[in-house]
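The values are calculated or read from the model by the stated rules, or taken from the named source; none is laboratory data. Model, not experiment: these values are computed from the prediction. All Cβ positions, even for glycine, are placed from backbone atoms using ideal geometry, and neighbour counts span all protein chains on display.
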């Protein structure tokens, strides 16, 4: 499956309401900074989950992290996001160190407040993650793209799993960040939403963004696969 | 960054209101105070003498209940990860959460304390003292509670751990605050010592507001 920046101009079958993917909040290019991870070790409790892992991803590319349950896929993403203590000789984005503010992480736990409405959640996202002043148009655009406009005033606790996942993915649209870490992004998404995600990722890659996604299913947007094995002595990447 | 700080504050206040923690805390205080006269007898003079101290103890216990889950909810639903990847340093996130708890729980709680005072036959003229003392101690109580809550989050099953950690931290505040509030009745007119006490309490609150987020952030980074 050849994923390429040109995906951005495709239209999605069965979803005629979506325009060719354009997001006002996104910059036209993130530049050509590459992501570089060298000699990453991550421990959880006593166990060494990730052992001596090194890889590099160029701007505009996506990598599919595969591996069995417990191989350390989520751990890898969380360590990259700076959420787990990790040892590494280098974690760089372009010429600088990798900062959490460079990245989005969308994971199993959506990070949405269930007692607040979709709109309130996304407003908080734009202010806390973006640090910007309130930008209603951006939120509205994200809701339109994710097909959540009619649900914007519902409590998150009343949404279905797929709708919650869509609301979590709306973060990617509202706050532009060059690196997306997607942990099992296809979970709970229907076919239309999966196409939409492909589309979004394509547009992101077209701007020089980077995507690292874990999945047990094939990911159409990722041309490279990295398989994690259970950390054994002398074994890191298969 | 200031925008993001206010956003965390606003988000948390909204969240606390929707969850109804305030009504729980207030209900707890009134239930406990209602039971007191049954326990110690309906002697008005005795009640009046004990009231400030009792109110303090019950307020502190109620806060322990509400502070227990200060971070747990955020960790469970993943929003804590998002906060850590925000533009705000973790220390400021925690400070915002402490202040949100103060605004959304302590201030409404203090606002209904005059009713509790009537229940306990406290001289109404003494109430403003008691209330201002609790208001002044509030930031310290929330900040110390945040430290305990963040330590217990890193343990999988905290149980009573939060309460055990927070208790010794609360003791000095309780001794200081309750004693000064107790003195109110006896020191009619002699308010200078109380003013000094209030000032010291405010200083202590300020110091904990600076130190607690640092300590709390250190504990939470390991989660």
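Annotations for the structure displayed:
- Of all residues in region A:62-80, those that are over 22 Å from residue B:219 (Cβ atoms) and within 14 Å of chain B (Cβ to nearest Cβ) total 3.
- Within region A:165-176, tally of residues that are in contact (Cβ under 8 Å) with a residue 40 or more places away in the chain and in contact with a helix residue (DSSP H, G or I) (Cβ under 6 Å, 6 or more places away or on another chain): 5
- For region A:165-192, filtering for residues that are more than 25 Å from residue A:28 (Cβ to Cβ) and crowded, with 21+ Cβ neighbours inside 10 Å leaves 5.
- Entirely in region B:42-159, the helices (runs of 4 or more DSSP H) that have 2 or more residues that are within 14 Å of another protein chain (Cβ to nearest Cβ) and farther than 20 Å from residue B:211 by Cβ: B:72-77, B:79-84
- Qualifying residue in region A:79-96 (condition: within 17 Å of residue A:38 (Cα to Cα) and assigned to a helix (DSSP H, G or I)): yes
- The set of residues from region A:101-120 being surrounded by fewer than 20 Cβ atoms within 10 Å (Cβ to Cβ), over 20 Å from residue B:10 (Cα atoms) and within 7 Å of another protein chain (Cβ to nearest Cβ) comprises A:101, A:109.
- Selection of region A:121-143 for residues being more than 7 Å from chain B (Cβ to nearest Cβ), under 28 Å from residue A:77 (Cβ atoms) and assigned to a helix (DSSP H, G or I) yields A:121, A:122, A:123, A:125, A:126, A:138, A:139, A:141, A:142, A:143.
- Taken as a whole, the condition of being at pLDDT 90 or above, part of a helix (DSSP H, G or I), more than 10 Å from every other protein chain (Cβ to nearest Cβ) and surrounded by 12 or more Cβ atoms within 10 Å (Cβ to Cβ) does not apply to residue B:16.
- Odd one out for residue A:83, checked against (1) surrounded by fewer than 16 Cβ atoms within 10 Å (Cβ to Cβ); (2) touching a strand residue (DSSP E or B) at 6+ places or on another chain (Cβ under 8 Å); (3) within 11 Å of chain B (Cβ to nearest Cβ); (4) closer than 30 Å to residue A:217 by Cβ: (1)
- Any hit, region A:131-148, residues being surrounded by fewer than 21 Cβ atoms within 10 Å (Cβ to Cβ), at pLDDT 90 or above, under 26 Å from residue A:67 (Cβ atoms) and out of contact with any helix residue (DSSP H, G or I) (no Cβ under 6 Å at 6 or more places or on another chain): no
- Odd one out for residue A:50 among (1) in a helix (DSSP H, G or I); (2) more than 8 Å from chain B (Cβ to nearest Cβ); (3) surrounded by 22 or more Cβ atoms within 10 Å (Cβ to Cβ); (4) more than 15 Å from the chain's Cα centre (by Cα): (1)
- Some residue of region A:36-47 being within 13 Å of chain B (Cβ to nearest Cβ), surrounded by fewer than 21 Cβ atoms within 10 Å (Cβ to Cβ) and in contact (Cβ under 8 Å) with a residue 12 or more places away in the chain: yes
- Check on residue B:32, within 14 Å of chain A (Cβ to nearest Cβ) and either at pLDDT 90 or above or part of a helix (DSSP H, G or I) (or both): no
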